[in-house]
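Accompanying notes for the structure given below.
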Amino acid sequence: MAIYREQSSGAEEYLPPTHPAVQEFLQNNTAAAGLSHSDKPAMLQSDLDMIRVYEDLTDILLSKNVVMLTDFPPAAQDKLMRRKRLRSSLSPITELLDSGDEDEQELP
């Protein structure tokens with residue numbers, strides 16, 4: 001048994017993601033992997049944390065010329081550059097917020 005995100009030539013039937021059989025299949029596989037529904041938020045947070053790690057790792061590899069930006073496919077290059085611009089544009093805001101928090105902590 002298998003589930004595909006998109007219709008496949010080997011698939012004999014299509015069921016929407018909300019179909020009870022699909023939901024049961026997903027729940028059984030989640031349970032078989034040792035995960036409960038309560039683990040999903042933790043897994044999502046872990047994914048978000050890891051994205052930042054991969055982003056930092058990519059920056060390190062690029063800065064040390066281990067890889068070149070042009071080694072990535074064009075779509076990945078666009079995403080990397082867009083993310084770098086976004087982080088740069090938010091940097092002054094996060095620094096301001098961080099310094100504001102420190103000032104509040106220093107007050108008696």
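Numbers for the structure displayed
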item	result
FRET efficiency for residue 46 and residue 26, using Cβ-Cβ distance with R0 set to 25 Å, rounded to 0.05	0.85
Simple spin-label estimate for residue 64 and residue 76 in nanometres, 7 Å along Cα-Cβ	1.8 nm
In sequence order, calculated HN-Hα J values of the range 56-66 (Karplus, 6.51, -1.76, 1.60; Hz; x Gly/Pro)	5, 4, 4, 4, 5, 4, 5, 5, 8, 6, 6
Rounded FRET efficiency, nearest 0.05, which uses the C-beta distance separating residue 5 from residue 57 and R0 of 30 Å	0.65
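Where a number appears in this text, it was derived from the coordinates with a stated rule and is not lab data. Computed from a predicted structure; not experimentally measured. For neighbour counting, all protein chains shown are included, and Cβ atoms are generated from backbone atoms with ideal geometry for every residue, glycine included.
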